[in-house]
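Only one structure is covered here, and it is reproduced in the block below.
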Amino acid sequence: MDPAYKRALEVTPEVHRPEETTIDVIVNALTDPIGWGVQCEERGMQYTSHDFRDAPRWEEHLAALDTEWGDPEHDYHATLQLLKVFAQDRRERTAHIDRCRRFSVGYTHADFSTEVVWRRVHGMDVFLTGILHDGAYYQQRQQFFQDVTRHVRTLVLEGFQTIPAGHSLDVYWEHPAMQEEFYARLIHDAYEQNPAITFVEGDPRDDTTVMYDEQHAAHLQLPQEFIERFYTHLATHSPSITEKITEPRILHKLLQAQAHDYVMQQCTSFDVIQQGTFYSWYPHHDVVQGKIAFSLEQQGLEFGSFEFRDAVTAQHLHEMIEYAATRGLPVQSPILDIQGIQHLDRKRFYFDNPVEGTVKIMQHPHLMFLPQFEDKERMQTPAENHESILQHLAAGVFDIDPLRTEAPDGLYYVRNCVIDGVHDGKLRSRLLPST
């Protein structure tokens, strides 16, 4: 890691760990961050799954957990019930789809499962999964989500991209125009199944402030001043990057190739459905002899709001769990985090590798400190807002110390998670203080 970033990170010393129990061994086997190789015959290649249902002997392990956690009074009983729902879903989906299939637009109504990542942090069980942004897909899978949320104590959802941080879930809950949106239906279904559930806005950002690389961004001409400032910032704080990104022109090409909407289009060409489960591969980029090339492996050359957003939401999830473990925040295990399918791979990576996530966030100070817009400006279309955004990006944000948590005048710092509860039939929100 580059020395400039070391001061931002806490080094955790090695501590003596007590001898693991059999249950510890089983849990570790099902939550291994390395993942498991899955052979895709149609593509003739092997890819890495992080779905606990692809772990060797997973059903045998689940049976052992059932013996240990089967008592409804056991602390991990709710986790066991979630594991059972996910396991049954895999069995049912496998019965319908028994071969590897490419994802296509016409397949959105299919009854497929999505990858489920299980992690344990501070004694809390965290499940990461994805959802297809399609109302028909949710309708097809509604009973499954009802079964899942019955056992979830904390539900983390994406915020709505054009609503200011801290208000998305309120709008989902009660705004008449939003009630047919699948996240609104998911929230109401979850509350009906489990009135004690806690809702969390896990992506408290307003994308209308950072649309510089969305909406036909492959053709967007970013100001040269911005490109040069960004390149200087990266060269200063991550000098190893300049071995491949040797000039601002190459950085500009990378930013265009990694534009949000363009990345989403690229992702679909890497998706497969194997044994009833949807897997999404993330397309990385490399620079070979000055030219942009695809890569299935991370190269450390990932930039843009798509990458930044996933790193931030993973950090927010860690911070929320830390608050819950040390400051009595009303967040309980098990936690279910749902985001769009294409975000799952990157969010999982940064959740498993928080140091990498911190570095990635700090490489984007222009997205850490966002412009404050009036509500009427905030709700403008991205195209109408481009001029204001680009002026901000070309401003002196790169001169700000990325480790500051107090934003300069006219800017606000990307905040932590928003915790919501249902009171008198309404959702109420509050921002966590910045750490």
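The values are calculated or read from the model by the stated rules, or taken from the named source; none is laboratory data. The model shown is predicted, which means the values in this text are computed figures rather than measured ones. Cβ: placed from backbone, ideal geometry, glycine included. Neighbour counts: every protein chain shown.
Taking ALA64, is it in contact with a His (Cβ under 8 Å, 6 or more places away or on another chain) and either more than 30 Å from GLN142 (Cβ to Cβ) or surrounded by 12 or more Cβ atoms within 10 Å (Cβ to Cβ) (or both)?
no
When you scan region 134-141, do you find a residue that is of a type in the set (Gly, Ala, Ser), surrounded by fewer than 20 Cβ atoms within 10 Å (Cβ to Cβ), at pLDDT below 90 and in a loop (DSSP other than H, G, I, E, B), even just one?
Checked against the condition, which is being of a type in the set (Gly, Ala, Ser), surrounded by fewer than 20 Cβ atoms within 10 Å (Cβ to Cβ), at pLDDT below 90 and in a loop (DSSP other than H, G, I, E, B), region 134-141 yields no hits at all.
Taking region 282-298 as the search range and keeping residues that are touching a Ser or Thr at 6+ places or on another chain (Cβ under 9 Å) and assigned to a loop (DSSP other than H, G, I, E, B), which one is surrounded by the most Cβ atoms within 10 Å (Cβ to Cβ)?
Looking at residues that are touching a Ser or Thr at 6+ places or on another chain (Cβ under 9 Å) and assigned to a loop (DSSP other than H, G, I, E, B), I get PRO283.
I need the full set of residues from region 43-94 which are closer than 20 Å to LEU336 by Cα, out of contact with any helix residue (DSSP H, G or I) (no Cβ under 8 Å at 6 or more places or on another chain) and either among the basic types (Lys, Arg) or part of a helix (DSSP H, G or I) (or both), in order please.
Answer for region 43-94, where residues must be closer than 20 Å to LEU336 by Cα, out of contact with any helix residue (DSSP H, G or I) (no Cβ under 8 Å at 6 or more places or on another chain) and either among the basic types (Lys, Arg) or part of a helix (DSSP H, G or I) (or both): ASP54, ALA78, GLN81, GLN88.
Report, ordered by the first and then the second residue, all pairs with beta carbons closer than 6 Å, sequence separation of six or more or different chains, a first member in region 133-154 that is over 16 Å from TYR76 (Cβ atoms), and a second member that is of a type in the set (Ser, Thr, Tyr) and at pLDDT below 95.
ASP134/THR108; TYR137/THR108
Among the residues of region 306-315, is any of a type outside the set (Phe, Trp, Tyr) and either under 25 Å from VAL85 (Cα atoms) or in contact with a Pro (Cβ under 8 Å, 6 or more places away or on another chain) (or both)?
Within region 306-315 (the criterion being of a type outside the set (Phe, Trp, Tyr) and either under 25 Å from VAL85 (Cα atoms) or in contact with a Pro (Cβ under 8 Å, 6 or more places away or on another chain) (or both)), the answer is yes, since at least one residue qualifies.
Of everything in region 100-129, what is modelled with pLDDT under 90 and either within 19 Å of the chain's Cα centre (by Cα) or of a type in the set (D, E, K, R) (or both)? Give them in sequence order.
If the condition is that a residue be modelled with pLDDT under 90 and either within 19 Å of the chain's Cα centre (by Cα) or of a type in the set (D, E, K, R) (or both), then ARG101, ARG102, ASP111, SER113, THR114 are the ones that fit.
Do you know which residues across region 318-366 are within 24 Å of PRO283 (Cβ to Cβ), modelled with pLDDT under 90 and touching a strand residue (DSSP E or B) at 6+ places or on another chain (Cβ under 8 Å)?
Passing the criteria: GLN339, GLY340, ILE341, GLN342, HIS343.
Could you list all residues from region 299-353 that are surrounded by 22 or more Cβ atoms within 10 Å (Cβ to Cβ) and basic (Lys, Arg)?
ARG309, ARG346, LYS347, ARG348
The conditions are (1) closer than 19 Å to ASP337 by Cβ; (2) modelled with pLDDT of 85 or more; (3) of a type in the set (Gly, Ala, Ser); (4) surrounded by fewer than 21 Cβ atoms within 10 Å (Cβ to Cβ), and GLY166 fails exactly one of them. Which is it?
Among (1) closer than 19 Å to ASP337 by Cβ; (2) modelled with pLDDT of 85 or more; (3) of a type in the set (Gly, Ala, Ser); (4) surrounded by fewer than 21 Cβ atoms within 10 Å (Cβ to Cβ), the lone unmet condition for GLY166 is (2).
Please work out which residue is nearest to the chain's Cα centre (by Cα), limiting yourself to region 242-259 and to residues that are under 13 Å from LEU301 (Cα atoms) and at pLDDT 90 or above.
Residue satisfying both the conditions and the ranking: LEU251.
So, ASP337, is that one under 16 Å from ARG119 (Cα atoms) and either free of Cβ contacts under 8 Å to residues at least 24 places away in the same chain or in a strand (DSSP E or B) (or both) or not?
yes
Could you check how many residues of region 33-58 are on the phi > 0 side of the Ramachandran plot and in contact with a Phe, Trp or Tyr (Cβ under 7 Å, 6 or more places away or on another chain)?
Total satisfying the criteria: 0.
If you go through region 284-293 one residue at a time, do you hit one that is within 23 Å of ARG249 (Cβ to Cβ), out of contact with any Lys or Arg (no Cβ under 9 Å at 6 or more places or on another chain), modelled with pLDDT of 85 or more and among the aliphatic types (A, V, I, L, M)?
Yes: region 284-293 contains one or more residues that are within 23 Å of ARG249 (Cβ to Cβ), out of contact with any Lys or Arg (no Cβ under 9 Å at 6 or more places or on another chain), modelled with pLDDT of 85 or more and among the aliphatic types (A, V, I, L, M).
When the residues of region 72-97 are filtered to those that are among the hydroxyl-bearing types (Ser, Thr, Tyr) and more than 19 Å from PHE112 (Cβ to Cβ), which remaining residue is nearest to the chain's Cα centre (by Cα)?
THR79
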